[in-house]
1. Pulled fully out, how much extra length does the chain show between E117 and N130, if you take 0.36 nm times their separation in residues and subtract their Cα-Cα distance?
2. Taking 0.36 nm per residue of separation and subtracting the Cα-Cα distance, what length does fully extending R35 through R100 add?
3. Accessible area of M136, 1.4 Å probe, to the nearest 10 Å²?
Amino acid sequence: MYLRRDRALTAISIMLDVAFHAGRSGVVSGADIARRGDMLRRGIEPVLQALSRAGLLSSVRGPKGGYRLGRPPRTITLNEIVRTVTEDPEMPGDGINLLRTKVLEPFWQSVDQEVSEKMASVTLEHLLQNAEEAGMQRPSRAPISFSI
């Protein structure tokens, strides 16, 4: 459920950072992501791994390695990011609390569904456009020069 997920916000923050600073051509290190997001590197590592396993991020090994988007930002929805890093466990309870099972859980599920639908309509590309509208400039990449 969306309303109780710190991990969801962390995942979206990571994906936006990678999209903003690296896009699909460059890479950013996990240390840089953690530093810019004011997060602990060891705390975001499981999220980075989950996003990589799902193909949302692509990891590059080596001294110049890091992470880049696995797909174009216009194809990655916030809903997909959140669902990748959050399980959807049933709310604990033994069925005795009728207020919870008959009132609270159905309400919570409907709110979760509304949030899920909204998140499915927003892509990383939308967030990048919001950043540009807010006056943020993406780092420029030097052109790649191939000479032999």
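The values are calculated or read from the model by the stated rules, or taken from the named source; none is laboratory data. Quick caveat: nothing in here was measured; it's all calculated off a predicted structure. Note: accessible area is taken over every heavy atom of the protein model, side chains too, but ligands, DNA and RNA are not part of it. Shrake-Rupley method; radii C 1.70, N 1.55, O 1.52, S 1.80 Å.
1. 2.7 nm
2. The span from R35 to R100 would gain 19.3 nm if fully extended.
3. The value for M136 is about 100 Å².
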